[in-house]
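Trainee: Here's a structure for you.
The values are calculated or read from the model by the stated rules, or taken from the named source; none is laboratory data. Since we're looking at a predicted model, the values are computed, not measured. Counting neighbours? That spans all protein chains shown, and the Cβs are built from the backbone with ideal geometry, glycine included. Note: accessible area is taken over every heavy atom of the protein model, side chains too, but ligands, DNA and RNA are not part of it. Shrake-Rupley method; radii C 1.70, N 1.55, O 1.52, S 1.80 Å.
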Amino acid sequence: RASVAQTGSISGRVYESDGVTPIEGADVWAAGPDDQYIYHAQSQPDGSYTIGSLPSDTYRVKAVADGYAWEWHQERHSHWEADTIAVTAPGETIGIDFTLDKAGTISGHVYQSDGVTPVANACVNVSSTAPDWNQIAGFCCTEADGGFTISDVPAGNVYVKTHADCQGSHPNLQDEWYANGGSTRDGNQADPIAIVVGETTNGVDFTLDTAGAIS
């Protein structure tokens, strides 16, 4: 008969920033070398979690909870900075703990170049740096009125950029970074946005130009 491939697991706990208070219902995700976060578990009332059914490999693990900044193990704020965690089946890799910081929120609108016509179904992303891209919070898609809200953004200075064609609906719009009083295609001219815990930073608006074509 065919043999069943053995798998391992990753386990740990999710706490608030004090390292003591457990967070229940946090989503903990693991991604293999393909960078796809498909392995998942939720933390229990005591903050504990276990992600099972993991083939032997190396993984990056992140924890996400409402009202808290995303965190990758260990104490990192982006996928690319995360430590890799080895799993050897059928063993259990233990002690992969998280301490999540409280976060803030960003909201704004994406318009066409006239500053009036809304751009719906465009993605907006948060980065810790500019012009280099380093995603540190979830992205969101704009509503019918062009409005968007991104929660769970870590406190401190961040940068925001559009990805208008993420849904395949705006291939002719040029992406821009947020800049005070407008937006810019030059990431070197992007302005940081100060995020305060528990508060919403409003008015992060973009006006996207239409790209030309050569044939």
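Trainee: On the protein heavy atoms, probe 1.4 angstrom, tell me the percent of accessible surface of segment 58-215 carried by carbon and sulfur.
Mentor: On the way: 3330 of 7560 Å².
After summing per-atom areas, the C and S share lands at 44 percent.
Trainee: Going by Cβ distance under 4.7 Å, what cysteines of the chain have no possible disulfide partner?
Mentor: 140, 141
Trainee: Another question, then. So, counting K/R as plus one and D/E as minus one, what does the shell of residues with Cβ under 11 Å around residue 67 add up to?
Mentor: On the way: positive: 102; negative: 16, 66, 101, 152.
Summing Lys and Arg as +1 and Asp and Glu as -1 gives -3.
Trainee: Oh, and also: State the extension gain, in nm to one decimal, for the chain segment bounded by residue 174 and residue 202, taking 0.36 nm per residue of separation less the distance between their alpha-carbons.
Mentor: Stretched fully, the residue 174-residue 202 segment lengthens by 7.8 nm.
Trainee: Can you give the FRET efficiency for residue 184 and residue 66, using 1/(1 + (r/R0)^6), R0 = 30 Å, r = Cβ-Cβ distance, to the nearest 0.05?
Mentor: Working: r = 32 Å, r/R0 = 1.06.
In this case the efficiency is close to 0.40.
Trainee: With all protein chains present, calculate the accessible area of residue 76 using a 1.4 Å probe and round the result to the nearest 10 Å².
Mentor: The value for residue 76 is about 90 Å².
Trainee: Could you give me the ³J(HN,Hα) list for segment 160-173, computed from phi with Karplus coefficients 6.51, -1.76, 1.60 and θ = phi - 60°, whole Hz, x at Gly and Pro?
Mentor: Working through the residues one at a time gives 10, 9, 8, 9, 4, 9, 5, 9, x, 9, 9, x, 9, 9 Hz.
Trainee: Related question: In nm, give the distance between the simple-model label positions of residue 20 and residue 46, each being 7 Å from the Cα along the Cα-to-Cβ direction.
Mentor: My value for the distance between the label points is 1.8 nm.
Trainee: Next up: How many percent of all Cα-Cα pairs in segment 63-177 sit more than 22 Å apart? Walk me through the intermediate numbers first.
Mentor: Numbers: 2796 of 6555 pairs.
When all Cα pairs of segment 63-177 are counted, 43 percent exceed 22 Å.
Trainee: Can you work out the PRE-style zone for residue 102? Point 7 Å along Cα to Cβ, and I want the residues of segment 185-207 with backbone N under 20 Å.
Mentor: 194-202
Trainee: Out of all DSSP beta bridges in the chain, what portion is antiparallel? Express it as a percent rounded to 5. Before the final figure, lay out the partial values.
Mentor: Values: 46 of 56 bridges.
Among the beta bridges of the chain, antiparallel pairing accounts for roughly 80 percent.
Trainee: Quick one: length gained pulling residue 165 to residue 34 fully straight, 0.36 nm per residue minus the C-alpha distance?
Mentor: On the way: separation 131, 0.36 × 131 = 47.16 nm, distance 2.28 nm.
Length gained between residue 165 and residue 34: 44.9 nm.
Trainee: Using the per-residue mean of other Cβ atoms lying within 10 Å as a proxy for protection, in what order, highest first, do the peptides 56-68, 9-21 fall?
Mentor: Details: 56-68: 19.2, 9-21: 16.7.
Final packing ranking: 56-68, 9-21.
Trainee: Over the alpha-carbon set of the chain, divide Rg by the Kirkwood Rh and report the Rg/Rh ratio to two decimals. Mind showing how you got there, number by number?
Mentor: Values: Rg = 19.7 Å, Rh = 18.6 Å.
So for the chain, dividing Rg by the Kirkwood Rh gives 1.05.
Trainee: Scattering from the C-alpha atoms of segment 118-198 alone, worked out with Debye: what is log10 I(q)/I(0) at q = 0.24, 0.25 1/Å?
Mentor: Once normalised to I(0) and log-transformed, intensities are -1.24, -1.31.
Trainee: On to the next question. Could you work out the relative contact order of the chain? I mean the mean sequence separation of Cα pairs under 8 Å and 6+ apart, divided by the number of residues, in percent. The partial results should precede the final answer.
Mentor: Numbers: 605 pairs, mean separation 39.6, N = 215.
The value is 18 percent.
Trainee: Please work out the FRET efficiency for the pair residue 144 and residue 211, using the Cβ-Cβ distance as r and a Förster radius of 25 Å; give the result to the nearest 0.05. Working shown, then result.
Mentor: Numbers: r = 23 Å, r/R0 = 0.92.
The computed FRET efficiency comes out at 0.60.
Trainee: Another question, if that's okay. Report the Cα-based extents of segment 10-126 along its three principal axes, largest first, to the nearest Å.
Mentor: Computed over the Cα atoms, the extents are 58, 33, 21 Å.
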